[in-house]
Amino acid sequence: MKRAFVFGISILLTGCASEPPTAEQRQFAAQWLLAQQARQPPAPQPYYMPTTPAPTQRPTNCITNQVGNSLYTNCN
């Protein structure tokens, strides 16, 4: 059934050799094409890296210990 429908649409879109499609046939073909395009997912959009990093909250409640030449920081 689907193959016959698609075949009929292809004839409808190309037009018969003897006579052009009627206004009703053209409207049907246009609606069918729109429905087919609506069934396809949209094309993927490119992802652009932001030029500045996202804002982050500064840590609070930090305790820093120095042992020799090393600094140890613990933030809550």
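Where a number appears in this text, it was derived from the coordinates with a stated rule and is not lab data. Computed from a prediction, not measured in an experiment: that's the story for all the values here. As a convention, Cβ positions derive from the backbone with ideal geometry for all residues, glycine included, and neighbour counts pool all protein chains shown.
Return the sequence-ordered ³J(HN,Hα) values of the stretch 20-30 in whole Hz as given by the Karplus equation 6.51 cos²θ - 1.76 cosθ + 1.60 applied to θ = phi - 60°, using x for Gly and Pro.
Along the stretch 20-30, the couplings run x, x, 6, 4, 5, 5, 5, 5, 4, 5, 5 Hz.
Could you calculate the contour length gain from residue 52 to residue 64, that is, 0.36 nm times the residue separation minus the distance between their Cα atoms, to one decimal place in nm?
1.4 nm
Within 10 Å, count the other beta carbons around each residue, average over each peptide in 33-43, 50-60, and list them highest first.
33-43, 50-60
How many nm is it between the label spots at residue 23 and residue 75, if each spot is 7 Å from the Cα in line with the beta carbon?
Taking the simple label geometry, residue 23 and residue 75 are separated by 7.1 nm.
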